[in-house]
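Undergrad: One structure is given below, represented as structure tokens, and several questions about it will come after.
The values are calculated or read from the model by the stated rules, or taken from the named source; none is laboratory data. Note that this is a predicted model, so its numbers are computed, not measured. Cβ: placed from backbone, ideal geometry, glycine included. Neighbour counts: every protein chain shown. Heavy atoms of the whole protein, side chains included, go into the accessibility calculation; ligands, DNA and RNA do not. Shrake-Rupley method; radii C 1.70, N 1.55, O 1.52, S 1.80 Å.
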Amino acid sequence: MKEILRIRTTKRTSIVNITPYIREILKRSGVREGLCLVYVPHTTASVFINEGADPDVLKDIVYTLEKLIPWEDPSYEHAEGNSAAHIKSAIIGNSRIVPISEGNLLLGTWESVFLAEFDGPRERKVVVKIFPDVD
Amino acid sequence: MKEILRIRTTKRTSIVNITPYIREILKRSGVREGLCLVYVPHTTASVFINEGADPDVLKDIVYTLEKLIPWEDPSYEHAEGNSAAHIKSAIIGNSRIVPISEGNLLLGTWESVFLAEFDGPRERKVVVKIFPDVD
Amino acid sequence: MKEILRIRTTKRTSIVNITPYIREILKRSGVREGLCLVYVPHTTASVFINEGADPDVLKDIVYTLEKLIPWEDPSYEHAEGNSAAHIKSAIIGNSRIVPISEGNLLLGTWESVFLAEFDGPRERKVVVKIFPDVD
């Protein structure tokens with residue numbers, strides 16, 4: 001079972017909590033045990049899992065990524081000017097997997113799944129694919 | 001098939017070789033071909049695969065992560081003071097997948113699977129889930 | 001279904017577009033819907049997905065990784081002298097997953113799958129494993 005979310009980002013760097021949408025898809029699927037793949041087919045975006053309770057955690061992640069991989073660098077050669085976004089996307093990765101247990105995402109208490117767009121604002125697709133366990 | 005390891009870490013940053021425990025779980029499962037997911041549901045921890053032969057490799061990984069993402073930074077906003085651990089976890093990722101081939105983990109000769117905790121000491125759960133190939 | 005690619009790299013750091021080989025394997029498999037795992041069992045290599053259209057994007061990724069994780073650092077302890085390659089591999093990760101949809105890799109228009117070797121030249125194995133959806 002596969003569904004595609006469409007997420008509109010609003011800033012150059014946006015981190016969007018997509019956990020509620022993934023939970024809805026999982027619920028509709030009726031799958032109790034299995035695996036959920038969350039995947040973005042975009043070269044300036046990433047998916048990651050981290051704390052969803054305190055938004056300051058996301059600020060600190062964005063701040064550190066920008067410090068390490070600045071938007072401007074005279075050595076960048078890519079003509080579109082968004083090299084930093086490509087680099088962040090390649091390093092963090094464009095998917096995460098979450099086990100499914102008793103019909104729920106097996107996330108920690110404070111965890112959420114995030115779409116990160118590093119060259120927005122844009123509308124982005126997120127593929128959510130659910131693989132039920134096979135008996 | 002799914003099992004949960006409980007790993008007690010001893011320092012702020014601990015890198016624990018969990019390969020022997022994963023091999024035991026795989027053996028008990030009897031699965032010959034498939035996929036093994038190793039997943040931590042914790043926002044200051046990661047899973048990664050790298051050299052398990054020379055512990056100096058792990059020291060150099062820990063050293064470089066600390067150099068790039070220092071524990072203290074006056075710009076961090078998260079009040080708990082462990083932003084560096086969240087950032088490392090988000091970037092490295094909280095799971096790895098290993099193919100299963102002829103009843104073994106398909107790892108290179110010198111490779112091991114590691115749990116990394118960046119805000120210990122703590123007891124952490126690691127989910128090991130095995131997906132057999134379907135004929 | 002599993003196949004192993006053998007890729008010869010030519011420089012210390014080589015980023016090789018392996019998408020055409022993966023597409024061939026997928027075509028031979030006949031799988032229409034499922035998941036494709038691309039995995040390297042090597043501790044100085046990574047797999048990532050990013051732009052395949054403009055080679056300058058890859059140059060900027062390699063440049064930034066080298067800037068952040070330099071080959072030489074007096075604090076490295078690993079005697080083989082290739083710590084930087086291990087660190088890059090551990091952070092970026094040694095696999096990526098691509099959903100399969102209508103018999104094709106579900107990649108964005110400009111996306112490719114890359115093998116990155118950070119301590120070449122070497123011959124490297126890449127495991128491509130295809131998991132069909134189960135009805």
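Undergrad: In region C:4-53, what count of residues is obtained for those that are acidic (Asp, Glu) and under 15 Å from the mean Cα position of the chain (by Cα)? Steps first, please.
TA: Just the residues of region C:4-53 that are acidic (Asp, Glu), to begin with: C:24, C:33, C:51.
Next, only the ones that are under 15 Å from the mean Cα position of the chain (by Cα) stay: C:51.
Residues flagged as acidic (Asp, Glu) and under 15 Å from the mean Cα position of the chain (by Cα) within region C:4-53 amount to 1.
Rundown of residues vs (1) open to solvent by 30 Å² or more (accessible area, probe 1.4 Å); (2) over 19 Å from the mean Cα position of the chain (by Cα), yes/no style:
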position	(1), (2)
B:Glu80	yes, yes
B:His86	no, no
B:Asn104	yes, no
B:Thr109	yes, no
B:Lys125	yes, no
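Undergrad: Looking only at region C:19-48, filter to residues that are of a type in the set (Val, Ile, Thr) and within 16 Å of C:Phe118 (Cα to Cα); which one of those is most open to solvent (accessible area, probe 1.4 Å)? So that I can check it myself, show each step before the final result.
TA: If we filter region C:19-48 for residues that are of a type in the set (Val, Ile, Thr), which is where we start, we get C:19, C:22, C:25, C:31, C:38, C:40, C:43-44, C:47.
Among the residues that remain, those that are also within 16 Å of C:Phe118 (Cα to Cα) are: C:40, C:43-44, C:47.
Details: C:Val40: 0, C:Thr43: 20, C:Thr44: 3, C:Val47: 0 Å².
Per the criteria, the residue is C:Thr43.
Undergrad: Quick one: is A:Ser75 open to solvent by 30 Å² or more (accessible area, probe 1.4 Å), over 28 Å from B:Leu35 (Cα atoms) and at the interface with chain C (Cβ under 10 Å from one of its Cβ atoms)?
TA: Yes: the conditions hold for A:Ser75.
Undergrad: For region B:100-119, which positions are under 29 Å from C:Lys67 (Cα atoms) and either away from chain C (no Cβ under 11 Å) or charged (D, E, K, R) (or both)?
TA: Residues satisfying the conditions are B:Glu111, B:Leu115, B:Glu117, B:Phe118, B:Asp119.
Undergrad: Here's another thing I want to ask about it. Identify, from the list C:Ile91, C:Ile97, the residue that is β-branched (Val, Ile, Thr), farther than 12 Å from C:Thr13 by Cβ, more than 12 Å from the chain's Cα centre (by Cα) and within 14 Å of chain B (Cβ to nearest Cβ).
TA: C:Ile91
Undergrad: Right, here's the next one. Looking at A:Glu80, A:Glu66, which one is touching a residue at least 24 places away in the same chain (Cβ under 8 Å) and among the acidic types (Asp, Glu)?
TA: None of the other options fit; the residue is A:Glu66.
Undergrad: Among the residues of region A:2-17, which ones are surrounded by fewer than 18 Cβ atoms within 10 Å (Cβ to Cβ) and within 21 Å of A:Trp110 (Cβ to Cβ)?
TA: A:Asn17
Undergrad: So, in region C:50-70, of the ones that are more than 7 Å from every other protein chain (Cβ to nearest Cβ) and within 14 Å of A:Thr43 (Cα to Cα), which residue ends up surrounded by the fewest Cβ atoms within 10 Å (Cβ to Cβ)? Before you say what the answer is, go through the steps one by one.
TA: Taking region C:50-70 and keeping what is more than 7 Å from every other protein chain (Cβ to nearest Cβ), we get C:52-53, C:55, C:58, C:62, C:65-67, C:70.
Now restrict to residues that are within 14 Å of A:Thr43 (Cα to Cα): C:52-53, C:55, C:58.
Details: C:Gly52: 19, C:Ala53: 11, C:Pro55: 13, C:Leu58: 24.
The residue in question is C:Ala53.
Undergrad: Just give me the residues in region C:107-135 being of a type in the set (Gly, Ala, Ser) and part of a strand (DSSP E or B), in sequence order.
TA: If we filter region C:107-135 for residues that are of a type in the set (Gly, Ala, Ser), which is where we start, we get C:108, C:112, C:116, C:120.
Of everything in region C:107-135, those that are of a type in the set (Gly, Ala, Ser) and part of a strand (DSSP E or B) turn out to be C:Ser112, C:Ala116.
Undergrad: I've got another one for you. Look at A:Val134 and say whether it is β-branched (Val, Ile, Thr) and either away from chain C (no Cβ under 11 Å) or crowded, with 16+ Cβ neighbours inside 10 Å (or both).
TA: Taking the combined requirement at face value, the residue does not satisfy it.
Undergrad: Got a sec? Which of C:Glu72, C:Glu51 is closer than 30 Å to B:Val62 by Cβ, out of contact with any Leu (no Cβ under 7 Å at 6 or more places or on another chain) and of a type in the set (Asp, Glu)?
TA: Working: C:Glu51 fails: closer than 30 Å to B:Val62 by Cβ.
Sole residue among the options that is closer than 30 Å to B:Val62 by Cβ, out of contact with any Leu (no Cβ under 7 Å at 6 or more places or on another chain) and of a type in the set (Asp, Glu): C:Glu72.
Undergrad: Follow-up question, since we're still on this one. Give me a count of the residues in region C:62-119 that are at positive phi and either touching a strand residue (DSSP E or B) at 6+ places or on another chain (Cβ under 8 Å) or modelled with pLDDT under 95 (or both).
TA: Adding up the residues that qualify gives 1.
Undergrad: Also: Write out, first by first residue and then by second, each pair whose Cβ atoms fall under 7 Å of each other, whose residues are 6+ apart or on separate chains, and whose first residue, in region A:44-59, is within 18 Å of A:Trp71 (Cβ to Cβ) while the second is surrounded by fewer than 17 Cβ atoms within 10 Å (Cβ to Cβ).
TA: A:Lys59/B:Glu77
Undergrad: Quick one: how many residues across region C:84-135 are touching a Leu at 6+ places or on another chain (Cβ under 7 Å) and among the aromatic types (Phe, Trp, Tyr)?
TA: Residues flagged as touching a Leu at 6+ places or on another chain (Cβ under 7 Å) and among the aromatic types (Phe, Trp, Tyr) within region C:84-135 amount to 1.
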